[in-house]
Amino acid sequence: MPDPMVLILLGPPGAGKGTQALRLAEVSGLRKISTGDILRAHVAQGTEMGVRVQPIMERGDLVPDALILEIIRHELSAMEEKRAVFDGFPRTPAQAEAFGAMLSELGVPLHAVLLLEVNPSELAHRLLQRAKQEGRSDDNEITIRRRLQVYEEQTRPLIDYYRTRGLLKPVAGLGEVDEVFARIQEVL
Ligand code: B4P
């Protein structure tokens, strides 16, 4: 069985985390775990959790840490081979701390944290484009502004958190999807 391995994709909304996580999963055989996708599936299915998180996501706020950690614990325990790329998780210092503890308990190393860097005007442009294509309910101007603010306040501290642990690998997120992916492969 291949060795356990975990990667994290960090970056503001619209930086390309979901897009690049999919690529990584395709070429490396890592499983893509996107907390955003899991939450949206709950909303679409109208589960108890979905009903609870829908208004939070539509405002552009973060879902409570306890709920997210419950999802992650469940995902990790269901995986036979602990090899995954996490897209959009962790997003707060509390999530990062708890995730670190979970991984140590399981003996799974955190290989790297890829930080996708994209300027705010390009982020807004991408999300508004996606709104036209996919009609995601949190891709509207007001919510996008809130999501970017939440990123600055709650998620940006993770950059230093992982940098001080020697795990942070910044990647320029501008350019074609293929170009960004090539940069990711280079830093890995
Ligand atoms: P997410 O689903 O994680 O949404 P996101 O941050 O907007 O990133 P996403 O992965 O979708 O977009 P991407 O950058 O790939 O979160 C949604 C909500 O769920 C959060 O607001 C929160 O409420 C909740 N949530 C999720 N995780 C949570 C957690 N851990 N804790 C608490 N709450 C949580 O791409 C954006 C667009 O750019 C796409 O249309 C893509 O096609 C395009 N794009 C990508 N790369 C490009 C490139 N190189 N050039 C041009 N366009 C590109």
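Check Ile142 against each of (1) assigned to a helix (DSSP H, G or I); (2) within 12 Å of the ligand (Cβ to nearest atom); (3) of a type in the set (A, V, I, L, M) and name the one condition it does not meet.
Result: Ile142 passes all but (2).
Take the residues in the range 59-83 that are part of a helix (DSSP H, G or I) and among the small types (Gly, Ala, Ser), then tell me which one is nearest to the ligand (Cβ to nearest atom).
Filtering first and then ranking leaves Ala66.
Filter the range 88-121 down to residues that are assigned to a helix (DSSP H, G or I) and more than 8 Å from the ligand (Cβ to nearest atom), then give me how many there are.
So the count comes out to 15.
It is to be established whether one or more residues within the range 51-69 are under 29 Å from Val27 (Cα atoms), of a type in the set (D, E, K, R), free of Cβ contacts under 8 Å to residues at least 24 places away in the same chain and surrounded by fewer than 19 Cβ atoms within 10 Å (Cβ to Cβ).
no
For Ala21, indicate whether it is buried (at least 19 other Cβ atoms within 10 Å of the Cβ), assigned to a helix (DSSP H, G or I) and in contact with a Pro (Cβ under 8 Å, 6 or more places away or on another chain).
In short, no.
Exactly one condition in (1) surrounded by 17 or more Cβ atoms within 10 Å (Cβ to Cβ); (2) in contact with a helix residue (DSSP H, G or I) (Cβ under 6 Å, 6 or more places away or on another chain) is false for Ile72; which is it?
(2)
This table checks each residue for (1) within 7 Å of the ligand (Cβ to nearest atom); (2) closer than 22 Å to Asn119 by Cα.
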position	(1), (2)
Gly16	yes, yes
Arg31	no, no
Ser34	yes, no
Val43	no, no
Met57	yes, no
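Every read-out reported here was derived from the displayed coordinates using simple, explicitly stated rules and does not represent laboratory data. The model shown is predicted, which means the values in this text are computed figures rather than measured ones. Counting neighbours? That spans all protein chains shown, and the Cβs are built from the backbone with ideal geometry, glycine included.
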